[in-house]
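The values are calculated or read from the model by the stated rules, or taken from the named source; none is laboratory data. Computed from a predicted model, the values in this text were never measured in an experiment. Here Cβ is always computed from backbone atoms with ideal geometry, including for glycine, and neighbour counts include all displayed protein chains. Note: accessible area is taken over every heavy atom of the protein model, side chains too, but ligands, DNA and RNA are not part of it. Shrake-Rupley method; radii C 1.70, N 1.55, O 1.52, S 1.80 Å.
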Amino acid sequence: MVVVRSPYAHARIVSIDTAAARAAAGVVAVFTGPDLRDDWKAAMPCAWPVTEDMKNPDHFPLTVGEAHYQGDGVAVVLADTRAHAVDAAELVEVDYEPLPVIVDVQAAAQDGAPLVHEELGTNVSYVWKLEAGTFEEDADVVVKRTYYQPPLIPNAMEPRGVVARPEPGGDVTLWSATQVPHILRLLTAATLGMSETKLRVIAPDVGGGFGSKLDVYAEELLAVALARRLGRPVKWIEERSENAVSTIHGRDFVTTLELAATKDGKITSLRANVHASMGAYLQLVTPGIPLLGAWIYAGPYAIPNYSVTFTGVFTNTTPTDAYRGAGRPEATYVLERTMDYLAKELGIDRVELRRRNFITEFPAAIASGLTIDSGDYHASLDRLLEQLGLDGLLSDQQARRERGDVKQLGIGFSTYNEMCGLAPSRILGAIRYAAGGWETATIRALPTGTFQVVTGTSPHGQGHETAWSQIVADRLGCDPADVEVLHGDTSISPYGLDTYGSRSLPVGGAALWTASDKIIEKAREIVAHQLEVSADDLDYDEGTFSVKGSPDKAMNVQAAAWAAFAAHNLPDGMEPTLEATATFDPPNFSWPGGAHAAIVEVDTETGDTRLVRYVAVDDVGTVVNPLIVDGQVHGGITQGIATALYEEALYDEDGNLTNGTLATYLVPSAAELPSYELDRTESKATDQPFGAKGVGETGTIASAPAVINAVLDALSHLGVTDIQMPATPERVWRAIEEARQ
Ligand code: MCN
């Protein structure tokens, strides 16, 4: 299957002539939007109607009547080979009548702006507010800054791909490069009006996702619908440059942040006003992305008066949705940059200003209405400063300034916290998300002494097989290699809410922990029965039960599993087999935090910025696998640095994406980056059974402001006060020239 996409960002489709394509070699079928309109029992799903009156235009896998962004699907060609399909797609003749285009998110929200969807009468999808207290307009100091965070193109290791195969009896098996096989099954079934039991979704090794595969995409729905229509398998593999327009984008926020403070640096009020681009349509959780940051605009600081307003706006660009951090990098970026401005305004050292405002008592009820269970922000900052050698860096900086060196040194900080581990179902309900946030795990103690785990999480690079094996091995006393972890197939794990929002360990790991509790308790009953003692008389340690006072009388979980399988001698009424399922609905979000510092060298003649050191101290509570955690922090930091220095989806005013290839969209590689210096502090989560907090997004959330603050620090003596990210050589050079003039 090849999708014919609109080359225009906004156009009326006058006619589509498919005759030549239909006649081309190898072609099986060609369909347009109107041809398939009746296959959809519902429009493409948006699971997060954030307000009652949110505007959500109809969105079908192939558009009908109008294209609303460059890349909007107009027709599909199915052929016996990909080459035939590609050739035939070029023969589909579409007559477009271009319509006015709007790309800028703030301009789109103004009256009189060209409308992305004429029928809505506005580009504003919703306005959402969270308010606690009143902003102190007459505080000693008020700092107000506006920031643009451009759209980003997620580039997973592999683009997306789909195979749908019809099975006997009207069933369909769908293989998809998705992070969310369970959500995909539910919503594909709903959109196509088919029984959920007739659809099996398999997420094999999907080649990474970074949030971009947390969606229900047009191509997934098309493949299933067409496999059913044609009675033969349908395959679609995304091209890399196709990915740049047809997979969601991240960010695209314009934010004005105000902080009010006393002259001794106590911040008393925060007000954020955000225009968030939805792109041309609402994808699965598009409108909810800003909300994921709504509670952390004050970050790790105690700020009593708090208000956040989000305006979700349609533009003629690729729809936005979850991209690593989703809403939280957007919040942390504007806060941490404004902290530096406030420090300057007050004449207080920027590290000291942060310290004066840290939340120090936990559990902490924060102004935005949630409770942070644990944290120790001073500890992470202390550790960071120990590692950094700040005095040496500052004297190097001073010497370079005095010498007038071409290469100037900058040091930037970011202290942060995060709200992840999605999520308590009741809270999700209260903020109008359609589903819950629980997770499930099943452990089967097999007769031969090995363990099978079925998890509802869907790893795509996070190493759940390893970490889940470790948890079971630790708790049930076996070799990690004797644990098999099954995931990503709805016929094996019927219930699950998948992987995103750094939820898998805090929530899915907790379900696994609880399931192992259940295994231990049943095994205890079996062992007590077999050893003819009371269950209370048994000690338990790393998989072995022993009789108190007679340690030689012992039996392990594996032996109990055999006994449960043989069922020759079980307590009266006990069911054979040793197997347990647990579902964990977290009582709270997960609240990691930490302190990061970036050290950059900026070439003041060319504007080129090089990161020379990056130091990060994170607190993710109990760590299950230190190597995986370091890997997650590495990747996360790199994606934040990418935002700060390299990546940005550039649209021209006609809505053409002008840098949609990897030759023009700059994804940094190891060559541009130093080896990171990582360390950890540990304040255990108190609302999670073994104290773990999520780590998958921490680095991305913390790093971008640290880097931009460092660039500005390098240039402050030249009079440079602001640089839009990404801080490309051209932007840096222009900022220096403007300051000189
Ligand atoms: N871990 C641990 N100890 C902790 C916290 C986590 O050992 N205290 C381990 C976990 O066991 C797990 C890994 O670290 O193996 C990540 O756990 P977690 O923080 O729960 O995050 P998720 O597994 O839910 O992963 C989602 C997160 C997100 S939201 C994005 S985006 C992202 C990320 O993971 N996308 C990734 N990391 C990625 N890594 C790769 N390789 N590819 C992606 O697409």
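Some values worked out for this structure:
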quantity	calculated
Rounded to 5, percent antiparallel among DSSP beta bridges of segment 417-561	75
Across LYS129/LYS684; LYS266/LYS684; LYS198/LYS235; LYS144/LYS263, pairs whose alpha-carbon gap is larger than 22 Å	LYS129/LYS684; LYS266/LYS684
Estimated [θ] at 222 nm from DSSP helical runs (n ≥ 4, -39500 (n - 2.57)) normalised by residues in the chain, nearest 500	-8500 deg cm²/dmol
Accessible area (Å², 1.4 Å probe, nearest 10) - GLU239	90
Only Lys, Arg (+1) and Asp, Glu (-1) charged, at Cβ; segment 1-56 dipole about Cα centre in debye	180
Cβ-defined net charge surrounding LEU446, 11 Å radius [Lys, Arg +1; Asp, Glu -1]	-2
Top positive-direction residue, dipole computed over segment 416-499 with Cβ charges, set GLY488, ASN417, ALA445	ASN417
Local electrostatic count at THR583 - Lys and Arg +1, Asp and Glu -1, tallied over other residues with Cβ under 12 Å	-1
Gain upon complete extension [ARG610, SER195; 0.36 nm per residue less C-alpha separation]	143.9 nm
Charge context of HIS117, other residues only, Cβ under 14 angstrom, K/R +1, D/E -1	-3
Kyte-Doolittle at least -1.0, axis length at least 15 Å by Cα - qualifying DSSP helices, the chain	181-192, 218-230, 328-346, 377-388, 464-476, 510-531, 626-645, 698-715
Mean Cβ neighbour count within 10 Å, used as a protection proxy, ranking 478-487, 591-600, 533-542, 158-167 highest first	591-600, 158-167, 478-487, 533-542
Difference of contour (0.36 nm per residue) and Cα-Cα distance, ASP396 to HIS568	54.3 nm
For segment 217-258, convex hull volume per residue from C-alpha positions, Å³	81
Charge-dipole axis of segment 419-569 as Lys and Arg at +1 and Asp and Glu at -1 on Cβ define it, positive-most pick from GLN558, ALA467, GLY456	GLY456
Protection-proxy order for peptides 144-157, 168-181, each taking the mean of Cβ atoms within 10 Å per residue, highest first	168-181, 144-157
Residue-wise HN-Hα coupling along segment 663-679, computed from phi with Karplus coefficients 6.51, -1.76, 1.60 (Hz; x: Gly, Pro)	7, 10, 9, 8, 8, x, 10, 4, 5, 8, 10, x, 6, 6, 9, 10, 8
Protection-proxy order for peptides 354-367, 223-236, each taking the mean of Cβ atoms within 10 Å per residue, highest first	223-236, 354-367
Debye equation applied to the C-alpha atoms of the chain, log10 I(q)/I(0) at 0.05, 0.07 Å⁻¹	-0.27, -0.53
Trypsin sites (Lys or Arg not before Pro) within segment 648-741: DSSP coil, no more than 16 neighbouring Cβ in 10 Å	LYS684
Gain upon complete extension [THR371, ALA83; 0.36 nm per residue less C-alpha separation]	98.1 nm
Rounded to 5, percent antiparallel among DSSP beta bridges of the chain	80
